[in-house]
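Participant: Here it is, the structure in full.
The values are calculated or read from the model by the stated rules, or taken from the named source; none is laboratory data. Source: prediction; values computed, not measured. The protein model used for the area step is the full one, side chains on, heavy atoms only, and it has no ligands, DNA or RNA in it. Shrake-Rupley method; radii C 1.70, N 1.55, O 1.52, S 1.80 Å.
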Amino acid sequence: MAADAQLTFARCEVGEVRHLLEGARTERVKTNPAETLDQLLARGEAFKVMLDGEIVGAYLLEVHGPEVWILLAGGRAPVDLAHYGIALIEQQARDFDSIGFQTRRPGLIKKAKRAGFEVAAVVMRKRLR
């Protein structure tokens, strides 16, 4: 990230970042088709990611006891949002024992492993039609 660029996060209303989370939901439906975007939005707490004050990303968090679960995350920026976003969420979740999320994206899995995440589960599915 450029030395003068600053990436920050802040709690926000869902309506402010819904368009970014809709894009993330499109990808998530391939992994977990049972939940609608509205169901996820009702469960989670929305946060916006800003680069020098401009909204470039968003994520939705849900607390499960000692763990913070990333329900959705998405956006577009001239920086690696996965890399810097993980660091932001780690900072935000510092009082919890762990952070978890589900993905089918190999590149995100590699980045998360470099950040200290480990694969904790595998979803198995057999298509019948």
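Participant: Carbon and sulfur together cover what percent of the accessible area of the chain at a 1.4 Å probe radius? Each step should come with its number before you reach the end.
Facilitator: Working: 4290 of 8430 Å².
Looking at the chain in its full context, I get 51 percent from C and S.
Participant: Apply the Karplus parameterisation 6.51 cos²θ - 1.76 cosθ + 1.60, with θ equal to phi minus 60°, to every residue of region 105-113 and state each ³J(HN,Hα) to the nearest whole Hz, in sequence, with x for glycine and proline.
Facilitator: Karplus values, whole Hz, x for Gly and Pro: 8, x, x, 5, 4, 4, 4, 5, 4.
Participant: Could you tell me whether region 30-91 comes out rounded, prolate or oblate from its Cα gyration tensor? Rule is a ≥ b ≥ c as square roots of the eigenvalues, rounded for a/c under 1.5, then prolate if a/b exceeds b/c, otherwise oblate.
Facilitator: Numbers: a/c = 1.97, a/b = 1.50, b/c = 1.31.
Prolate, because a/c is 1.5 or more and a/b exceeds b/c.
Participant: Under the rule of -39500 (n - 2.57) per DSSP H run of 4 or more residues, summed and divided by the residues of the chain, what mean residue ellipticity at 222 nm is obtained, to the nearest 500 deg cm²/dmol? Intermediate values should be presented prior to the final figure.
Facilitator: On the way: 4 runs with 43 residues, N = 129.
Computed ellipticity for the chain at 222 nm equals -10000 deg cm²/dmol.
Participant: On a 1.4 Å probe surface of the protein chains, which of 80, 97 comes out largest in accessible area, and what is the full order?
Facilitator: Numbers: 80 55, 97 130 Å².
Putting 80, 97 in descending order of accessible area: 97, 80.
Participant: Quick one: accessible area per residue over region 90-129, 1.4 Å probe, rounded to a whole number of Å²?
Facilitator: In whole numbers, region 90-129 has 94 Å² accessible per residue.
Participant: What ³J(HN,Hα) values, in whole Hz, does the Karplus curve 6.51 cos²θ - 1.76 cosθ + 1.60 give for region 71-83 when θ = phi - 60°, with x put for Gly and Pro?
Facilitator: Working through the residues one at a time gives 6, 8, 7, x, x, 9, 7, x, 10, 6, 5, 5, 4 Hz.
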